[in-house]
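The values are calculated or read from the model by the stated rules, or taken from the named source; none is laboratory data. Quick caveat, the model's predicted, so the values are computed rather than measured. Cβ coordinates were reconstructed from backbone atoms using ideal geometry, including for glycine residues, and neighbour counts include every protein chain displayed. Only protein heavy atoms, including side chains, enter the accessible area calculation; ligands, DNA and RNA are left aside. Shrake-Rupley method; radii C 1.70, N 1.55, O 1.52, S 1.80 Å.
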Amino acid sequence: MDLYRALNADVPQLLLTVMHQPRPTISGEDYQRLSLTLHTDMREQFQNIENELNRWLKKHYAEEAEETVRKLQRLASLAEHADVEQVQEVLMRDYSRLGSKVGSLALVGVQGFGEEVMSEEMPTDPDLASNVAAAHKRLASMGFQPLEGALHETWLLFRGSVHYDILEHVVKSRLSSFGTFREGTAHISAGVYELIYQIGEGLTAELKDEIVLQEVTVTFGQGKNEDAAFRQEVAALMEAAGENEHLFHASFWQRKPGLDAHNEFVLRMRLTDGEQVLLEMMRAIAGTGKIGRKMIAKKGKMMLGRRVL
């Protein structure tokens, strides 16, 4: 995008997460259908916006090319026998390359979508159960009922914070299914996170039919650790954990804005299903050092779930 290029800055990869829970009168199956319908609608609207912007840009490229040719003719700067249509085509190609360079279309394309349903089962291992109970307590403080109706988390992955305005426009003005979805929702809460580090496949990689996987989300704080050292150690422990054959994805995120010191960071993992696999992974993380042991394995608030999209 032009703004980031001009500043020689990295384009941030952002994740909008929306936690939501159905009303007691709606079955889990019906609510999941509402959620998936909303996803389909969002994909369609983002594609429509991209097509609309593309048509709008082409129209203006053509108009500017025509106007430029007229100016050249008035200034006698165009050869008398020049092929006017060919000149306009060359100008349109140049304008198109410029538009691509400054990143107009990059404001539209969402990188990925996802939908996760949280598990209502409590792990049998006491340490894991403590992590999950801590997450339930936090969710309850946000107005959710963790054990009274399936919790969903919707993901929208995009690049650049200006994307958020497009997302808001789509939700408010273009989603006919959002009203129906909202009526069926008992409680909803959203957050935006910036990617710090990632290994393995992408968060929104295609679902695998041949293997059952679990999604693990651990929320934790930085404590009194120095910022740069903290980030480096978390990235290092992810690399160490990445040697586990059961790990398909791991990503480290920071909430924006970071106003909650105890819940500012999130570690997301995609693992082969099974509590033993999860237990081995958390023990490996705890064995990497103080931050892995204390901030993540001991104090982390853990949610477990499965992707349905």
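Observations
- Only one of the numbered conditions (1) open to solvent by 30 Å² or more (accessible area, probe 1.4 Å); (2) over 30 Å from Gln276 (Cβ atoms); (3) at pLDDT 80 or above is violated by Leu156, and that is (1).
- Unmet criterion (only one of (1) over 22 Å from Val110 (Cα atoms); (2) open to solvent by less than 60 Å² (accessible area, probe 1.4 Å); (3) not in a strand (DSSP E or B)) for Ser130: (2)
- So Leu207, is it in contact with a Lys or Arg (Cβ under 8 Å, 6 or more places away or on another chain) and not in a strand (DSSP E or B): yes
- Pairs are defined by a Cβ separation below 7 Å, a sequence spacing of at least 6 or placement on different chains, a first member in region 163-181 that is more than 21 Å from Gly28 (Cα to Cα), and a second member that is modelled with pLDDT of 75 or more and open to solvent by 50 Å² or more (accessible area, probe 1.4 Å); the pairs so defined are Val171/Phe178.
- Region 203-220: number of residues that are over 21 Å from Ala284 (Cβ atoms) and surrounded by 14 or more Cβ atoms within 10 Å (Cβ to Cβ): 2
- Of all the residues in region 149-177, those that are out of contact with any strand residue (DSSP E or B) (no Cβ under 7 Å at 6 or more places or on another chain) and in a loop (DSSP other than H, G, I, E, B) number 4.
- Any hit, region 54-77, residues being without any contact (Cβ under 8 Å) to a residue 12 or more places away in the chain, exposed (fewer than 12 other Cβ atoms within 10 Å of the Cβ), more than 22 Å from Asp94 (Cβ to Cβ) and not polar (S, T, N, Q): no
- One residue alone among Ser104, Ser27, Ser35 is under 21 Å from His169 (Cβ atoms) and at pLDDT 85 or above, and that residue is Ser35.
- Residues satisfying the stated conditions in region 232-269, i.e. charged (D, E, K, R) and either in contact with a helix residue (DSSP H, G or I) (Cβ under 7 Å, 6 or more places away or on another chain) or within 18 Å of Ala297 (Cβ to Cβ) (or both): Glu233, Glu239, Glu243, Glu264, Arg268
- Search result, residues across region 178-194 that are open to solvent by 40 Å² or more (accessible area, probe 1.4 Å) and part of a strand (DSSP E or B): Ala186, His187, Ile188, Ala190, Glu194
- Residue within region 270-293 that is basic (Lys, Arg) and within 22 Å of the chain's Cα centre (by Cα) present: yes
- Among the residues of region 264-274, those that are touching a Leu at 6+ places or on another chain (Cβ under 7 Å) and of a type outside the set (Lys, Arg) comprise Met269, Leu271, Thr272, Asp273.
- The single condition among (1) within 25 Å of Thr37 (Cβ to Cβ); (2) free of Cβ contacts under 8 Å to residues at least 60 places away in the same chain that Gly184 does not meet is (2).
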